[in-house]
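A.B. asks: My questions will all concern the structure given below.
Values in this text are rule-based calculations from the coordinates and carry no lab data. Owing to the predicted nature of the structure, the values given are computational and were not obtained by experimental measurement. FYI the Cβ positions are ideal-geometry reconstructions off the backbone, even for glycines, and counts take in every protein chain you see.
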Amino acid sequence: MACIDPHDVEVNPGTGRAVMDVEDLDLEDYSDFVNSLVDGPSLAGRASFRVEWSRSTDRHRFRYAPERWTANMVFNTARVQWEGETSAAHFVTDATGPQDSLFADVGHERSGAFFR
């Protein structure tokens, strides 16, 4: 399992602004989702990516008491750059630049013992 260093992530849930900047993350390329679920054959790979969530004032609160779940979220957009490679392939975000998302959010969730 690939782990991201906490220093690669910077988050401000109150404004919705966040950045995740990861370089040379070791991972496995399973070719498809089902193959990954059964831990089938894979190729060693490496990925680097940067995701920037924009500031926003579009705040939302959610609460679902039967499941003991609550969330304070900021709806925004994100800009993504990504590059990954294995011995068989090399993938990169569109050469024209980073890609913008249609929807993103940043926030804080609580559930279970942390539900209030």
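A.B. asks: For the chain, what is the charge dipole size about the Cα centre, in debye to the nearest 20, if Lys and Arg each add +1 at the Cβ and Asp and Glu each add -1 at the Cβ?
C.D. replies: Details: 11 positive and 20 negative charges, 214 e Å.
It comes to approximately 1020 debye.
A.B. asks: Which of Phe49, Leu102, Pro66 sits closest to the plus end of the dipole of the chain, meaning its Cα is farthest towards the positive end, when Lys and Arg get +1 and Asp and Glu get -1 on the C-beta?
C.D. replies: Pro66
A.B. asks: Above 24 Å lies some portion of the pair distances; for the chain, what is it as a whole percent of all C-alpha pairs? Numbers along the way, then the final one.
C.D. replies: Working: 3010 of 6670 pairs.
Tail of P(r) above 24 Å: 45 percent of Cα pairs.
A.B. asks: While we're here: State the answer as a single residue: which of Thr15, Leu25, Asn35 lies farthest towards the positive end of the charge dipole of the range 1-42, with beta carbon charges of +1 for Lys and Arg and -1 for Asp and Glu, about the Cα centre.
C.D. replies: Thr15
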